[in-house]
């Protein structure tokens, strides 16, 4: 979509509460042997022995409380910050690690959090570890980032919670850890190696599977797209730079255009406006990788009959390096134009 000059949006944080709640649930599933107990009761019930054996057998599933324990949160975005806050409210000690911690997320963290400078440092003292980082493929990415080096730093009875992405954790290293001690692994993703391990609880990707999360994501998506169409603002885009704009004044014309991020394009566009004797009231430019996004507010009084808005947009769109343009009327679905192999499409 980028080469078409079309932004793609996502809905970060819309499912944060749903995932956070399941992380908290995962801590209890891991520490209180809940799943083992449920399965045992089903087995006893099928034999008519549930009432007879329940008091005697409950000692098989003794666990630990989470209050007073240490939780390491690796990744302090929407989900990680929410998990840290609620775990602190439950009486846990919180340590965290996030090399890309934003100011917005930092302001949402519990004041007692102890921030570490590496994953290994964060997990070393933790009873529970919650992984909340994005999965990034390729060199320098996060594939298998929770590998042997990190897992070797865990306490023998630590509980690792993975509600981010399955590929973040090295399954072989995790199996060795589970085989060697009393540690546990609670994951929201299928794992061919660990799915039936006695010390693993594998869930069918339930993290965001709530009515509330789905409603929140749908509402956020609609609001984000509406704001882009009506004002030109871009936020939560996976392929375009974020850009914040004031509302378009009623007495101005707002144009946006997308161009390849290379030298000379802006100069050529500015030259078009200069030759047309147009007064640019405001201009904003942001780039991201190979693409740049621009918004211009134009004084409508400077557009005369010889240089109409349609002609101006065509000249702008056909400039070498420009991918698309749009007249931001404040109404969705109009004013879009494309430069496709030197042909003008509206």
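Observations on the model:
- Residue in the range 37-56 that is touching a strand residue (DSSP E or B) at 6+ places or on another chain (Cβ under 9 Å) and farther than 30 Å from residue 287 by Cα present: no
- Positions within the range 172-191 being assigned to a loop (DSSP other than H, G, I, E, B) and out of contact with any helix residue (DSSP H, G or I) (no Cβ under 8 Å at 6 or more places or on another chain), in sequence order: 181, 182
- Among the conditions (1) crowded, with 18+ Cβ neighbours inside 10 Å; (2) out of contact with any strand residue (DSSP E or B) (no Cβ under 7 Å at 6 or more places or on another chain), residue 287 misses just one, which is (1).
- Among the residues of the range 266-303, those identified as free of Cβ contacts under 8 Å to residues at least 24 places away in the same chain and more than 24 Å from residue 237 (Cα to Cα) are 267, 270, 271, 274, 275, 279, 280, 301.
- Condition met for residue 158 (free of Cβ contacts under 8 Å to residues at least 40 places away in the same chain, surrounded by 15 or more Cβ atoms within 10 Å (Cβ to Cβ) and under 22 Å from residue 69 (Cβ atoms)): yes
- Scanning the range 242-268 for residues that are surrounded by fewer than 14 Cβ atoms within 10 Å (Cβ to Cβ), under 20 Å from residue 278 (Cα atoms) and out of contact with any strand residue (DSSP E or B) (no Cβ under 8 Å at 6 or more places or on another chain) gives 250, 251, 264, 267.
- Single match in 102, 59 (criterion: modelled with pLDDT under 95 and under 27 Å from residue 165 (Cβ atoms)): 102
- Candidate set from the range 182-199 (those that are surrounded by 14 or more Cβ atoms within 10 Å (Cβ to Cβ) and in contact (Cβ under 8 Å) with a residue 24 or more places away in the chain); member that is farthest from residue 134 (Cα to Cα): 183
The values are calculated or read from the model by the stated rules, or taken from the named source; none is laboratory data. Keep in mind it's a predicted model, so treat the numbers as computed, not measured. Positions of Cβ are backbone-derived with ideal geometry, glycine not excepted, and every protein chain shown enters the neighbour counts.
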